[in-house]
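K.L.:
Could you have a look at this structure, given as structure tokens, before my questions?
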Amino acid sequence: MTAVDFAFPLAAGLHARPASLLRDACLPFVATVVFHNLRRRRRAAAASVLELVASATVQGDPCRLEIRGPQEREAEAALRRFVARELPRADDGSPPAPPAAA
């Protein structure tokens with residue numbers, strides 16, 4: 001088993017968009033990935049967007065991805081890159097807020 005530890009970076013927490021991106025980052029590998037919200041002591045299968053969202057993860061929560069399986073080393077390297085580069089920008093593609101009324 002290998003693990004990737006990180007603080008959750010998004011101000012909006014772990015909602016559907018970043019959960020979907022995390023799930024998709026895990027798909028190419030023959031490995032089981034379990035997401036842990038260490039503060040809330042909740043676990044979620046990274047393959048399930050609903051379980052990830054239900055972890056109620058908010059910005060700053062200490063998190064861990066536990067990886068097991070034949071391709072765990074490859075998955076670990078890819079998920080480290082995902083957590084460092086892609087996850088912090090997961091909300092960048094959201095539509096801009098409407099302008100404030102004058």
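K.L.:
Mind checking the per residue accessible area of the chain for me, 1.4 Å probe, whole number of Å²? List each step's numbers first, then the result.
P.N.:
Details: 5980 Å² over 102 residues.
On a per-residue basis, 59 Å².
K.L.:
Further, regarding this structure: Where does the chain land on the Kirkwood hydrodynamic radius, alpha-carbon pairs, in angstrom? If you can, show how the numbers build up before the last one.
P.N.:
Working: mean 1/r = 0.0721 Å⁻¹.
One over the average 1/r among Cα pairs gives 13.9 Å for the chain.
K.L.:
Angle between the Cα long axis of helix 72-81 and the longest principal axis of the chain, 0 to 90 degrees, nearest 10?
P.N.:
Tilt of helix 72-81: around 20 degrees.
K.L.:
Testing the spin-label approximation: label points 7 Å from Cα along Cα→Cβ at Asp24 and Ser48. State their distance in nm.
P.N.:
The modelled label-to-label distance comes out at 2.2 nm.
K.L.:
Based on Cβ point charges of +1 for Lys and Arg and -1 for Asp and Glu, what charge dipole magnitude is obtained for the chain about its Cα centre, in debye rounded to the nearest 20?
P.N.:
Details: 14 positive and 11 negative charges, 52 e Å.
Dipole of the chain, to the nearest 20 debye: 240 debye.
K.L.:
Expressed as a whole percentage, what fraction of the accessible surface of the chain belongs to carbon and sulfur atoms when a 1.4 Å probe is rolled over the protein heavy atoms?
P.N.:
Summing carbon and sulfur atoms, their accessible area is 55 percent of the total for the chain.
K.L.:
Using only Cα atoms, tell me the angle between helix 16-26 and the longest principal axis of the chain; keep it within 0 to 90° and round to the nearest 10.
P.N.:
Roughly 30 degrees, rounded to the nearest 10.
The values are calculated or read from the model by the stated rules, or taken from the named source; none is laboratory data. Source: prediction; values computed, not measured. FYI the Cβ positions are ideal-geometry reconstructions off the backbone, even for glycines, and counts take in every protein chain you see. Each accessible area value is taken on the protein alone, full model and side chains, heavy atoms only, with ligands, DNA and RNA left out. Shrake-Rupley method; radii C 1.70, N 1.55, O 1.52, S 1.80 Å.
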